[in-house]
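A short worksheet on the structure shown next.
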Amino acid sequence: MNAVTAVLPRPHSRRRAALAALVTLLVASALWSLSRGAIDIPATEVVAAMGRWFGGAAARGDDNVVLMLRVPRLLLAMLVGAALASGGATMQGLFRNPLADPGLIGVSAGAALGAVAAIVLGGSSGSWLVAVLAFAGGLGATSLVYALGRRHAGVANLLLAGVAVNAIAMAGVGLLTYMASENQLRDLTFWSLGSLGGATWKSIATIAPWILLPLACLPRAAQALNALLLGEGEATLLGFRPERLQPLLVGLVALAVGASVAFSGVIGFVGLVVPHLLRMIFGPDHRFLLPGSALGGAILLVAADALARTVVAPGELPIGVLTALVGGPFFLWQLLRRRIGEGVR
Amino acid sequence: MNHDAALSARALRVSRGGRLILRDVSLTAVPGQLLVLVGPNGAGKSTLLSTMAGLLEADVGQVTLDGRPLAAWPHRELARRRAMLSQRVDLAFGFSVEEVVGLGRSPHAPDVMRDDRIVDAALRAAHAWGLRGRRYTALSGGEKQRVQLARVLAQIWEAASTGGWLLLDEPEAGLDIAHQHFILRRARACAAAGFGVIAVLHDLNLAARYADRVAVLADGALLRHGEPTEALDPSLLSAIYGIPLVRRAGGAIDAL
């Protein structure tokens, strides 16, 4: 009897297999993305180009297209997708609400205000000023939300403060949009629909630490987030310190999402949908959900970017439009399928 | 067993929103016994239990575990020593039953084999073995209560010999009569195994039948603490509940 119960299947091994599958999928979508574009380069040639680069051999043929244009863009897609999706998973756990998204703590709206101010008042669509002001705006708005929301214990106040700060920031965006010239409006629209077009090796080097540090830290909070799903009181009884964890997690998510929004504009849907989908299939355990979301977000954004570059080539669809356009119906389909499946049983 | 082993409230005063909820309550519980807190709604029973668990902080006075103030205990170490079953746990995420119970193991260093074994044992101990593999959100209220009991038991599973504490806040609420008696037998069994057990109960007859000691609270004050027959005095109870109560021939307490 005991021998039998000891080997009952547990979810651990299934989830390890799922993580391995996600890694494989990420590599496959990366190769696919590198080979697609204004000129199609076979995947074998992509691998050969990277081999020559690592080996220090001279560049040949389309090597520079791959190495100078597509690889940075691929890395940006991975970083941003991972940041948005794990940020979403963290916020959903912290707020105990599967519909929370990283924007709740004001980071996206604050970043939007910073970017719009740079474009309209700074008279610059130069990506560096926009990125710096967007990053600062995101962190500033989140700090404000946190300072207002912490006056009372519990996460509900944080949520309400976030709603208010979001509204104020968006009013500022609206006002600046009203003041903007025709050309500025075009830049504004482009930014607010999201784009990975600004990716260079330099921007990757700048953005990577802001995203990789939170990505490395968040999984350490996985068990605490699991306990928090039971409520702050239960988490405290289990030996965690929600009052300390909350500012830490908010700060980490603000860093990662702020950096993402600063370089790629507002790309909706990834932070909401990826963790939600993984949760529907594998359950809400954050020990799986956080690394799974990072991988899933990276896959989604890599694939979406490859499509965005090729569907209307030589033009380019705004990636934010594409993630919502493809992700939305897929999400609905999953939702309906699950509901019906549960209803029958 | 540690000679000073006890969970003690010392002159606790707690107020919330300008209202005094506990007035200078001192109460000591010892391992190996089931202490039941009774009293009318709003008497401060749950507040006392939460304060003794370290969940609420007293304005005046302190709670000590083995002579050491709760505030001086490292959080995780305290979590390995005492667990509390709350009145209601809202969990809207679709964990499996085993995962919910496994959360009770989070204060401990992870050890998959041992934790799985303890989760299984706790599920059996809480009469929740048959719920394995179910999604928590799809369970009935009484089933959820049993799963939460299993989680709480899993949290302090190895602590029986080292002075573990099990605090239960109205554990019988929402359970059918069979499970009400079951959960109190389980509480007694835990006490017999060496745990200190403190339970808030509404049902005076369950208190009379299962408690080693009973503490009667009303309006934030501890009125009596002693053997069940002594503490559950019909004239005292009639006064604090505001309806005439008598002890029937078989010992049952009933409205007149």
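Values quoted throughout were computed directly from the atomic coordinates according to the rules given, and no laboratory measurement underlies them. Given the structure is predicted, the values throughout are model-derived calculations rather than measurements. Using ideal geometry, Cβ is built from the backbone for each residue, glycine included, and neighbour counts are taken over all protein chains shown.
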*Unit charges on C-beta of K, R, D, E only; dipole of chain A, Debye*: 880
*Relative to the Cα centre, what is the charge dipole magnitude of the protein assembly as shown, using +1 at the beta carbon of each Lys and Arg, -1 at the beta carbon of each Asp and Glu, and rounding to the nearest 20 debye?*
660
*Relative contact order %, chain B, counting alpha carbon pairs below 8 Å whose residues are six or more apart*: 26
*Could you work out, residue by residue across B:95-101, how many beta carbons of other chains sit within 10 Å of that residue's beta carbon, and then give the average as an integer?*
3
_Note, ³J(HN,Hα) from phi for the stretch B:188-194, Karplus 6.51, -1.76, 1.60, rounded to Hz, x at Gly and Pro_ = 5, 4, 5, 4, 5, 7, x
_Show me the ranking of peptides A:300-308, A:65-73 by mean Cβ neighbours inside 10 Å, starting with the highest._
A:300-308, A:65-73
*Rounded, prolate or oblate: which one fits the protein assembly as shown, using the alpha carbon gyration tensor with axes a ≥ b ≥ c (rounded when a/c is under 1.5, else prolate when a/b beats b/c, else oblate)?*
prolate
*Take the alpha carbon atoms of the stretch B:129-203, find their center, do the same for the stretch B:27-88, and report the distance between the two centers in whole angstrom.*
17
*Environment charge of B:L222, counting only residues whose C-beta is closer than 9 Å and scoring Lys/Arg +1, Asp/Glu -1*: +1
*At what distance in angstrom do the alpha carbon centres of the stretch B:209-256 and the stretch A:41-55 lie from each other?*
83
*Might you report the magnitude of the Cβ-based charge dipole of chain B about its Cα centre, with Lys and Arg at +1 and Asp and Glu at -1, to the nearest 20 debye?*
200
*Would you work out if chain A is rounded, prolate or oblate? Take a ≥ b ≥ c from the square roots of the eigenvalues of the alpha-carbon gyration tensor; rounded if a/c is under 1.5, else prolate when a/b is larger than b/c, oblate otherwise.*
oblate
*Over chain A, what is the mean sequence separation of C-alpha contacts under 8 Å (at least six apart), divided by residue count, expressed as relative contact order in percent?*
28
*Structure-based [θ]222 nm, chain A - -39500 (n - 2.57) summed over DSSP H runs of at least 4, per residue, nearest 500*: -25000 deg cm²/dmol
*By the gyration tensor of its Cα atoms, with a ≥ b ≥ c the square roots of the eigenvalues, what is the shape of the stretch A:86-217: rounded for a/c under 1.5, prolate for a/b over b/c, or oblate?*
oblate
*Work out the mean other chain Cβ neighbour count within 10 Å for the residues of B:84-90 and drop it here as an integer.*
3
